[in-house]
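The next block holds one structure in the form of structure tokens; read it before the comments.
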Amino acid sequence: MNIILLAPPAAGKGTMAELLVEKYGLKQLSTGDLLRAVLKKDDDEAKQLKEKMNSGQLISDDYIISLVKEELSSGNEKGYIFDGFPRTITQAVELEKILSNLNQKIDKVLYITVSKDISLKRTIGRRVCPNCKKVYNIYFNKPKNENICDNCQNELIRRDDDTEEVFLKRYDTYLNDTLPLIKYYEDKGLLEEVENIDKQETFTQISKILEEI
Ligand SMILES: [Zn+2]
């Protein structure tokens, strides 16, 4: 079973991916993970990639596709969750080719949505303990004492990029970049939109969709 996860920022995609890995034994595949795996190898390829990234050059579609191809050929028999890939129609078409050569296909594209207001609050309300790294939210998951970590009594901090401005920019960029992809999968009849209001309920809904495959 191969699933693509699409979701705007702070829609809870990470949590859903974790639950899917746990329940179905799928392997989560993100471009970031693939690039990090190359960097770890510490060979010529890693060196070239590091230079490219350090100089701020874009990593080409072709290169990312070649990494995906390599990973899929080595195979996780239960299938994959694609997270952050494909990002473009070109990548989507290439992914189909790779899978088809392996006698596989994309079974579903899950588009996890949540209202912009809730996403915004998840972002700007986030507070983190600098000591034990526990994450709180002043709207949804408050510490017992205001701005103090329940575990270790350290003062909580707000990350620099958890601002409304950064959020709105990321959100709009995401929608602009992803709309063509959403349309593409909708036309293929693969898209399922799931609104993520309650974690458990959302996952139950997703499980039902996947069990119908
Ligand atoms: Zn703490």
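The values are calculated or read from the model by the stated rules, or taken from the named source; none is laboratory data. What you see is a predicted model, and the numbers here were worked out from it, not measured in a lab. Note that each Cβ is placed from the backbone with ideal geometry, even for glycine, and that neighbours are counted across all protein chains shown.
Do you know which residues across segment 179-193 are surrounded by 14 or more Cβ atoms within 10 Å (Cβ to Cβ) and out of contact with any Ser or Thr (no Cβ under 9 Å at 6 or more places or on another chain)? Walk me through how you get there before you give the answer.
Going through segment 179-193, the residues surrounded by 14 or more Cβ atoms within 10 Å (Cβ to Cβ) turn out to be 181-182, 184-186, 190-192.
Residues satisfying the conditions are Ile182, Tyr184, Tyr185, Glu186, Leu190, Leu191, Glu192.
Sort through Asp117, Asp150 and tell me the only one that's outside any loop (DSSP other than H, G, I, E, B) and either exposed (fewer than 12 other Cβ atoms within 10 Å of the Cβ) or within 16 Å of the ligand (Cβ to nearest atom) (or both). Before you say what the answer is, go through the steps one by one.
Working: Asp150 fails: outside any loop (DSSP other than H, G, I, E, B).
So the residue among Asp117, Asp150 that is outside any loop (DSSP other than H, G, I, E, B) and either exposed (fewer than 12 other Cβ atoms within 10 Å of the Cβ) or within 16 Å of the ligand (Cβ to nearest atom) (or both) is Asp117.
Based on this model, can you work out whether Gly125 counts as at pLDDT 95 or above and away from the ligand (no atom under 15 Å from the Cβ)? Outline the logic, then answer.
Numbers: at pLDDT 95 or above: yes; away from the ligand (no atom under 15 Å from the Cβ): yes.
Criteria met by Gly125.
Rundown of residues vs (1) at pLDDT 90 or above; (2) surrounded by 17 or more Cβ atoms within 10 Å (Cβ to Cβ), yes/no style:
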{"site": "Ala7", "(1), (2)": "yes, yes"}
{"site": "Lys13", "(1), (2)": "yes, yes"}
{"site": "Gly25", "(1), (2)": "yes, no"}
{"site": "Gly32", "(1), (2)": "no, no"}
{"site": "Asp44", "(1), (2)": "yes, no"}
{"site": "Met53", "(1), (2)": "no, no"}
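Please state which of the following conditions Asn76 fails to meet, knowing it meets all the rest: (1) out of contact with any helix residue (DSSP H, G or I) (no Cβ under 8 Å at 6 or more places or on another chain); (2) outside any helix (DSSP H, G or I); (3) touching a residue at least 24 places away in the same chain (Cβ under 8 Å); (4) over 27 Å from Glu211 (Cβ atoms).
All conditions are met except number (4).
Determine whether Lys78 is away from the ligand (no atom under 16 Å from the Cβ), modelled with pLDDT of 95 or more and closer than 22 Å to Thr31 by Cα. Even if it seems obvious, please write down each step before you answer.
Details: away from the ligand (no atom under 16 Å from the Cβ): yes; modelled with pLDDT of 95 or more: no; closer than 22 Å to Thr31 by Cα: yes.
The answer is no for Lys78.
Looking only at segment 55-73, how many residues end up being surrounded by 12 or more Cβ atoms within 10 Å (Cβ to Cβ) and assigned to a helix (DSSP H, G or I)?
Of segment 55-73, the ones surrounded by 12 or more Cβ atoms within 10 Å (Cβ to Cβ) are 59, 61, 63-72.
Still in the running and assigned to a helix (DSSP H, G or I): 61, 63-72.
Of the residues in segment 55-73, 11 are surrounded by 12 or more Cβ atoms within 10 Å (Cβ to Cβ) and assigned to a helix (DSSP H, G or I).
Could you say whether any residue in segment 82-98 is part of a loop (DSSP other than H, G, I, E, B) and within 16 Å of the ligand (Cβ to nearest atom)?
Looking only at segment 82-98, we keep the residues that are part of a loop (DSSP other than H, G, I, E, B), and these are 84-88.
Within this subset, residues satisfying the condition of being within 16 Å of the ligand (Cβ to nearest atom) are none.
Checking segment 82-98: not a single residue is part of a loop (DSSP other than H, G, I, E, B) and within 16 Å of the ligand (Cβ to nearest atom).
Return yes or no: is Ile138 modelled with pLDDT of 95 or more and closer than 21 Å to Lys13 by Cα? Break it down into steps so the answer makes sense when it comes.
Numbers: modelled with pLDDT of 95 or more: yes; closer than 21 Å to Lys13 by Cα: yes.
Yes; evaluated as a whole, the condition is true for this residue.
Under 6 Å between Cβ atoms, at least 6 apart or on separate chains: pull out the pairs that start in segment 153-173 with a residue that is away from the ligand (no atom under 16 Å from the Cβ) and end on any residue that is in a loop (DSSP other than H, G, I, E, B).
Arg170/Pro9; Tyr171/Pro8; Tyr171/Pro9
Which members of segment 162-190 meet the condition of being more than 12 Å from Pro9 (Cα to Cα) and either touching a Pro at 6+ places or on another chain (Cβ under 7 Å) or hydrophobic (A, V, I, L, M, F, W, C) (or both)?
Matches in segment 162-190: Leu179, Leu181, Ile182, Leu190.
Hey, can you tell me all the residues within segment 169-189 that are of a type outside the set (Ser, Thr, Tyr) and over 18 Å from the mean Cα position of the chain (by Cα)? Show your work before the answer.
Step one: list which residues in segment 169-189 are of a type outside the set (Ser, Thr, Tyr), which gives 169-170, 172, 175-177, 179-183, 186-189.
Residues satisfying the conditions are Lys183, Glu186, Asp187, Lys188, Gly189.
Could you please let me know if Glu51 is over 30 Å from Val135 (Cα atoms), in contact (Cβ under 8 Å) with a residue 40 or more places away in the chain and assigned to a helix (DSSP H, G or I)?
Numbers: over 30 Å from Val135 (Cα atoms): yes; in contact (Cβ under 8 Å) with a residue 40 or more places away in the chain: no; assigned to a helix (DSSP H, G or I): yes.
Criteria not met by Glu51.
Would segment 76-89 turn up any residue that is surrounded by 14 or more Cβ atoms within 10 Å (Cβ to Cβ), within 17 Å of Glu193 (Cβ to Cβ) and small (Gly, Ala, Ser)?
Checking segment 76-89: not a single residue is surrounded by 14 or more Cβ atoms within 10 Å (Cβ to Cβ), within 17 Å of Glu193 (Cβ to Cβ) and small (Gly, Ala, Ser).
Could you check segment 128-139 and list, in sequence order, the residues that are in contact with a helix residue (DSSP H, G or I) (Cβ under 7 Å, 6 or more places away or on another chain) and either more than 16 Å from the ligand (Cβ to nearest atom) or at positive phi (or both)? First the steps, then the outcome.
First pass over segment 128-139, keeping only residues in contact with a helix residue (DSSP H, G or I) (Cβ under 7 Å, 6 or more places away or on another chain): 137, 139.
Matches in segment 128-139: Tyr139 only.
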